[in-house]
Structures are given as structure tokens and as C-alpha cells.
1. Net charge near VAL189: determine it from the other residues with C-beta under 13 Å of the C-beta of VAL189, scoring Lys and Arg +1 and Asp and Glu -1.
2. Give me LYS44, LYS191 ranked fewest to most by other Cβ atoms within 10 Å of their Cβ, as a rough exposure proxy.
3. Could you put MET139, MET104 in order, starting from the residue whose Cβ has the fewest other Cβ atoms within 10 Å?
4. What is the set of long-range amide H partners of LEU168 at a cut-off below 5 Å, with H atoms built 1.01 Å from backbone N?
5. What does the charge dipole of the range 46-196 about its Cα centre add up to, to the nearest 20 debye, if the Cβ of each Lys and Arg holds +1 and the Cβ of each Asp and Glu holds -1?
6. Short version: ³J(HN,Hα) in whole Hz for each residue of the range 148-158, in order, from phi by Karplus 6.51 cos²θ - 1.76 cosθ + 1.60 (θ = phi - 60°), x for Gly and Pro, what are they?
7. Just want the ordering: ILE58, ILE64, from fewest to most Cβ atoms lying within 10 Å of their own Cβ.
8. For the range 131-143, what does the Karplus curve 6.51 cos²θ - 1.76 cosθ + 1.60, with θ = phi - 60°, yield as ³J(HN,Hα) per residue in whole Hz, taken in order and with x for Gly and Pro?
Amino acid sequence: MQTKRSSKVRWAILVLIIGVLCIVAAAVVYAQPWGKNNPDENIKWSLTLVGTNNEQRIVSYDEIKAMPYYEGQGGFFTTVGVINGPYKVRGVPVIDLCEMVGGMTSSDILFVSAEDGYSAVFGYDQVAGNLDTYDPKTMMVTPHKELKLILAYRLNGKPLSDEIGEPLRLAAVGSDDLLTEGHYWVKWVNKLEVVRQKNN
């Protein structure tokens with residue numbers, strides 16, 4: 001009888017220890033979901049820019065980091081309602097990157113491609129920051145001040161982790177702590193292509 005009771009106690013303690021370890025591990029992951037401690041000095045990544053005249057330019061990760069940047073606040077929510085952020089985000093305005101291959105006009109669209117094969121299409125107004133923004137607490141559409149669509153390389157003061165888009169991802173940020181829809185936050189971006197829409 002005593003042996004059975006001791007065995008049950010041992011199992012209960014073992015389960016408790018495993019549970020505590022799982023909670024600690026989850027807390028560590030949750031505490032730093034938007035960045036990593038490792039420096040980003042050795043990241044080998046390039047971004048391909050293509051203009052409407054087929055002008056093409058390849059820009060390295062280091063060159064992007066050396067460009068004039070915009071830093072603001074922003075976050076997003078997924079299609080199932082999971083809220084990420086808001087966070088402090090730094091990156092290069094997408095409209096500035098388009099200027100490197102001839103710019104973008106109101107009659108153009110932008111194809112954004114990622115390393116994993118995902119792609120998205122944005123109109124000029126969206127690239128210029130004319131997006132709906134939402135209050136993180138109420139999830140109601142809320143007016144915003146300045147808003148920019150940027151190619152981000154730092155979040156909360158750290159380089160991006162692979163899980164959230166290392167080394168470059170789109171982000172919609174501004175001076176307010178507001179959210180935008182998740183499809184504006186494309187991860188692992190490696191190509192921006194400006195395309196002139198044909199008139200019907």
C-alpha cells in the first residue's frame with residue numbers, strides 16, 4: 001500500500017516539474033517574440049527591386065540598413081483575431097525603395113514577393129500609407145496620423161528573428177499605437193516589383 005502511494009506521489013511530482021518547465025519555456029518565448037539577441041552583422045540577404053521600365057537593382061541587407069530609416073509604432077492582427085503588438089519598428093519606407101528603380105505613380109501597383117513563395121499586391125494609396133487602422137483595445141477602426149508602409153529590419157530594438165520574418169518584412173507603422181490587418185506585414189521579403197497597370 002505504501003509503495004503504491006509513494007509511486008503516485010513520485011508521478012505527481014514529475015508531472016508538476018514538467019509542467020513548470022513548460023511554463024518557463026513558454027514565458028521565455030513570449031517575452032522575446034519580436035527579436036533576437038544575436039547581432040545581424042553576418043546576415044547575407046538581398047532585395048531585388050524592379051521598376052516599370054524593367055530597371056532592376058539588387059540591394060544588400062547592409063545597404064538597406066544604411067539607408068535613411070523611419071521608426072514608428074505599429075502592430076497587426078491575424079485573420080483569426082490574434083493581436084501582435086503594437087511594437088517599435090524601424091525600416092526603410094517602401095516608397096523610397098521604389099524610387100531607386102524609377103518610382104511609383106498612382107496608376108502603378110506593387111508586387112511584394114517573399115522567399116517562401118508568398119506574394120501580395122498593393123496599390124499606390126496603400127504603399128503611401130492610406131490604410132485602415134484599428135484600436136488594439138476595442139478593435140474599432142480609428143483615424144491615424146502619419147502612417148508609412150516600411151520594409152522593417154528591427155523590432156523593439158532588435159533584429160528580426162526567423163520566425164517573424166528575418167531579416168526583412170513589411171510593416172505599417174506611424175506615431176500612434178494602432179493595428180493594421182496582417183496581410184500588410186509580409187514576412188521574408190526578397191523582391192519588390194512596380195508594375196504599370198494597363199488601361200482597359
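Bear in mind that the values in this text are calculations on the coordinates, not laboratory data. Everything quoted here is computed from the prediction, not taken from an experiment. Every residue, glycine as well, gets a Cβ built from its backbone with ideal geometry; the counts of neighbours run over all protein chains shown.
1. On the way: positive: ARG169, LYS187, LYS191; negative: GLU115, ASP116, GLU166, GLU193.
Local net charge: -1.
2. On the way: LYS44 8, LYS191 17.
Exposure proxy ranking, most exposed first: LYS44, LYS191.
3. On the way: MET139 12, MET104 25.
Placing the least packed residue first, the sequence is MET139, MET104.
4. Under 5 Å from the amide H of LEU168: TRP188, VAL189.
5. Working: 13 positive and 20 negative charges, 41 e Å.
Using only the charged Cβ atoms, the result is roughly 200 debye.
6. In residue order, the calculated couplings are 10, 8, 10, 9, 8, 10, 9, 9, 6, x, 10 Hz.
7. Arranged by neighbour count, lowest to highest, ILE58, ILE64 become ILE58, ILE64.
8. 10, 6, 10, 10, 6, x, 8, 9, 6, 8, 4, 10, x
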